[in-house]
Amino acid sequence: MSLMDELIEYVRSEPGLDRLLRALLERYIQLGRIGGSVKLANLTSEEKESLSLFFRKDYSRQASASISFAAFEKALLKTKFAEIDIQALLNAYAGKKVYTRNEAEELYQLQKYHFFRELQQVHPQYGSWIEYVRKKGRGTRAIHQLYDENPEYLRKLIHIVCDALSQLPAAPKYERLPFFAQKITQNPHAFDMDQHGGRILLHALQFLLWERGEIPYIRGRLNAEEANDLLQNFQLLRDDLLNFVTFTGLTGETVSGEHPVLKAANEVKAVLNFPLREAAKLRSCRPVKGNAVFIVENSGVCSELLDRWPFPSPPPLISTNGQFKLASLLLIDLLTAGNTFIYYSGDFDPEGLLMANRLLNRCPSKIKLWRYSVEDYRSCRAKVDISKKRLAKLDKLESNELLCLKKEIISAKKAGYQEELVPLLLKDMKKQLL
């Protein structure tokens with residue numbers, strides 16, 4: 001047994017010395033050098049005995065002891081272990097090289113730098129995204145947390161995501177996300193939103209759009225419809241059957257001509273729940289007559305307007321049935337790509353205003369707010385209070401067109417609902433379409 005091994009064995013066998021060396025080790029890590037002192041409180045009788053023997057000083061009557069590095073080194077020099085270096089002792093006691101906090105941070109940053117640099121060398125076509133992640137750009141906190149938890153797992157995920165980016169489907173072809181994930185990873189759930197792989201893929205796709213100037217900034221977590229919208233930009237679909245939009249009075253063309261279902265629906269004046277699977281086939285969309293399409297947030301309001309519509313042919317009317325689904329956004333994009341203007345009416349609450357804000361940001365030149373003024377709000381204001389938590393959502397509102405309404409709702413702390421405005425909505429539709 002070496003002299004160092006003998007010393008370590010001796011220290012670990014003596015309760016007071018074992019506790020002291022642990023404290024000195026932590027002090028060294030915090031201070032960044034050998035120096036200073038530590039305090040041992042609530043000493044046991046065994047610890048007092050150990051310290052008394054080693055330091056040749058009576059600790060039996062002390063409840064605590066303050067001991068410096070210098071005192072420990074001085075006492076060590078009076079033993080057969082005098083030749084042992086204190087720094088070497090700390091390393092041997094820890095069982096590895098001991099780094100100060102500054103040294104550990106420098107090593108950590110160096111290792112992380114090389115981690116991302118190696119990934120950039122393997123995937124140079126996505127090097128700008130990897131560099132953005134390395135520099136802790138917006139929305140990358142979870143990725144860095146994953147690095148701290150399991151860097152090798154993160155390395156594997158980034159390899160997978162880069163492979164996925166290189167195999168994205170080309171327009172006009174779409175792929176369903178589970179089948180795309182199966183192709184890339186042999187796991188259809190690898191890119192689900194609740195999986196690390198899915199969240200990292202969504203971040204990479206956002207970066208590609210941001211880099212091309214198609215979105216103003218990168219977000220962290222996306223809700224389901226925001227994720228659907230993002231994936232659709234890259235020809236990927238999460239669900240194309242349960243994701244649908246309700247409308248009437250619209251027609252559209254596929255590569256083969258007018259969509260037969262839309263043609264038939266217009267002939268019998270039917271309302272359609274049109275799934276994303278079919279909407280994705282459209283190359284264009286327009287109202288059957290005129291160049292205006294009306295959108296309401298609530299299905300009940302939509303149905304009431306159709307019941308009260310006094311003419312044989314139904315109006316070009318869309319119901320989003322609450323928050324925008326991808327099918328709704330795809331239809332709106334097709335409409336505004338032509339010469340169609342969208343008139344949007346929603347509820348007077350934070351969620352409704354944010355939906356309006358989203359549409360205005362999506363295509364400001366073709367979106368018109370419909371019965372969405374302060375006066376309209378006052379005329380349909382309900383007694384329902386809006387909680388502080390919900391009102392806080394309005395901090396995300398950006399559109400200047402909605403600022404006055406935002407201030408009014410924050411002041412009143414009440415919601416307003418479309419149902420009260422149905423007669424006015426109906427009057428506006430008649431005026432616009434006739």
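The values are calculated or read from the model by the stated rules, or taken from the named source; none is laboratory data. Quick caveat, the model's predicted, so the values are computed rather than measured. Cβ coordinates were reconstructed from backbone atoms using ideal geometry, including for glycine residues, and neighbour counts include every protein chain displayed. When the accessible area is computed, the model is the full protein with side chains, heavy atoms only, and any ligands, DNA or RNA have been set aside. Shrake-Rupley method; radii C 1.70, N 1.55, O 1.52, S 1.80 Å.
What the table below lists for this structure:
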{"quantity": "28 Å Cα-Cα reach of residue 39 towards lysines, excluding residues that sit fewer than 8 places from it in its own chain", "calculated": "48, 57, 74, 78, 80, 96, 97"}
{"quantity": "Protein accessible area in segment 319-422, 1.4 Å probe - carbon and sulfur %", "calculated": "52"}
{"quantity": "Largest-first ordering by accessible area, 1.4 Å probe, given options 433, 353, 272", "calculated": "433, 272, 353"}
{"quantity": "Amide H within-cut-off set for residue 414, under 5 Å, with H built and near neighbours excluded", "calculated": "386"}
{"quantity": "Rg/Rg_ref, segment 257-329, where Rg_ref = 2.2 N^0.38 Å and atoms are Cα", "calculated": "1.10"}
{"quantity": "Residue-normalised accessible area of segment 1-72, expressed per residue, 1.4 Å probe, Å²", "calculated": "56"}
{"quantity": "Ordering of 248-254, 35-41 by packing [mean C-beta count within 10 Å, highest first]", "calculated": "248-254, 35-41"}
{"quantity": "Residue 309 long-range amide H proximity, modeled H, under 5 Å", "calculated": "none"}
{"quantity": "Residues of segment 322-388: accessible area per residue with a 1.4 Å probe, Å²", "calculated": "39"}
{"quantity": "Entries in 173/325; 112/389; 281/393; 366/406 that, when Cα-Cα distance is taken, lie over 29 Å", "calculated": "112/389; 281/393"}
{"quantity": "Alpha-carbon centroids, segment 319-382 and segment 286-314: separation in whole Å", "calculated": "15"}
{"quantity": "In Å², nearest 10: area of residue 241 left accessible to a 1.4 Å probe", "calculated": "110"}
{"quantity": "For the chain, calculated [θ]222 nm from helices alone, where every DSSP H run of n ≥ 4 adds -39500 (n - 2.57)", "calculated": "-15500 deg cm²/dmol"}
{"quantity": "Considering only the chain, percent of DSSP beta bridges that pair antiparallel, nearest 5", "calculated": "60"}
{"quantity": "Measure of compaction for segment 43-133 (Cα Rg per 2.2 N^0.38 Å)", "calculated": "1.90"}
{"quantity": "Prolate/oblate/rounded label for segment 295-359 (Cα gyration tensor, a/c 1.5)", "calculated": "oblate"}
{"quantity": "Relative contact order (%) - segment 7-116, alpha-carbon pairs under 8 angstrom, separation at least six", "calculated": "28"}
{"quantity": "Whole-percent pair-distance distribution, where bins are 5 Å wide, for the alpha carbons of segment 9-54", "calculated": "5, 23, 29, 21, 16, 7, 0"}
{"quantity": "Relative contact order (%) - criterion: Cα under 8 Å, at least six apart; region: the chain", "calculated": "9"}
{"quantity": "Measure of compaction for segment 188-344 (Cα Rg per 2.2 N^0.38 Å)", "calculated": "1.13"}
{"quantity": "Cα gyration tensor, segment 344-434 - rounded (a/c under 1.5), prolate or oblate", "calculated": "oblate"}
{"quantity": "Choice from 148, 239, 18 with maximal GNM fluctuation in the chain (Cα, 10 Å cutoff)", "calculated": "18"}
{"quantity": "With Cα atoms, 0 to 90° folded angle of helix 101-122 axis to the chain main axis", "calculated": "40"}
{"quantity": "Pairs of alpha carbons in the chain whose separation is greater than 38 Å (percent)", "calculated": "49"}
